[in-house]
Amino acid sequence: MSYVDGFVVPVPKDKLAAYKRMATKAGKIWREHGALEYRECVADDVKPGKHTSFPQSVKLKPDEVVVFSWIVYKSRAQRDRINAKVMKDPRLADMMDPKKLPFDGKRMFWGGFKVLVAA
């Protein structure tokens, strides 16, 4: 069964184009190193909930949008190998500086997931 890294990040609306450029570059690099799929999605129908929601999870500000993303791998072992290579890839070096990111990395969250159902 495959393995998935998922993440959610708030992106200022006026920096969405810069985020898209960064994500497009990152996606190509992850795929080159072996990821099966790389997706970055902009929230279209997410509302604050009574207890929790995508906007609440990242403390969304009025001038921001939620981005929900995932990367698919063959297995967790493959994910660990690919991510080790990606983190050493010099093409990503400029994206690793928190001061240069087009979003607030402190409000980003992520995790690795075993696939439960694949329909």
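Taken together, the values in this text are just the output of simple stated rules run on the coordinates, not laboratory data. Nothing here was measured: the structure is a model prediction, and the numbers come from that model. FYI the Cβ positions are ideal-geometry reconstructions off the backbone, even for glycines, and counts take in every protein chain you see.
Structural remarks
- Of the helices (runs of 4 or more DSSP H) lying entirely inside the chain, those carrying at least 3 residues that are of a type in the set (A, V, I, L, M, F, W, C) and more than 11 Å from the chain's Cα centre (by Cα) are 16-32, 76-88.
- Which numbered condition residue 92 fails, given (1) surrounded by fewer than 14 Cβ atoms within 10 Å (Cβ to Cβ); (2) hydrophobic (A, V, I, L, M, F, W, C); (3) within 23 Å of residue 32 (Cβ to Cβ): (1)
- Filter result for residue 114 (more than 22 Å from residue 23 (Cβ to Cβ), touching a helix residue (DSSP H, G or I) at 6+ places or on another chain (Cβ under 8 Å), surrounded by fewer than 16 Cβ atoms within 10 Å (Cβ to Cβ) and in contact (Cβ under 8 Å) with a residue 12 or more places away in the chain): yes
- Residue match in segment 69-89 (condition: closer than 17 Å to residue 13 by Cα and either surrounded by 15 or more Cβ atoms within 10 Å (Cβ to Cβ) or in contact (Cβ under 8 Å) with a residue 24 or more places away in the chain (or both)): yes
- For beta carbons closer than 9 Å, sequence separation of 6+ or different chains, a first residue in segment 6-19 that is in contact (Cβ under 8 Å) with a residue 40 or more places away in the chain and a second that is among the charged types (D, E, K, R) and surrounded by fewer than 14 Cβ atoms within 10 Å (Cβ to Cβ), the qualifying pairs are 10/59; 10/61; 12/61; 12/63; 13/63; 14/63.
- Qualifying residue in segment 98-110 (condition: in contact with a Ser or Thr (Cβ under 6 Å, 6 or more places away or on another chain) and closer than 26 Å to residue 3 by Cβ): no
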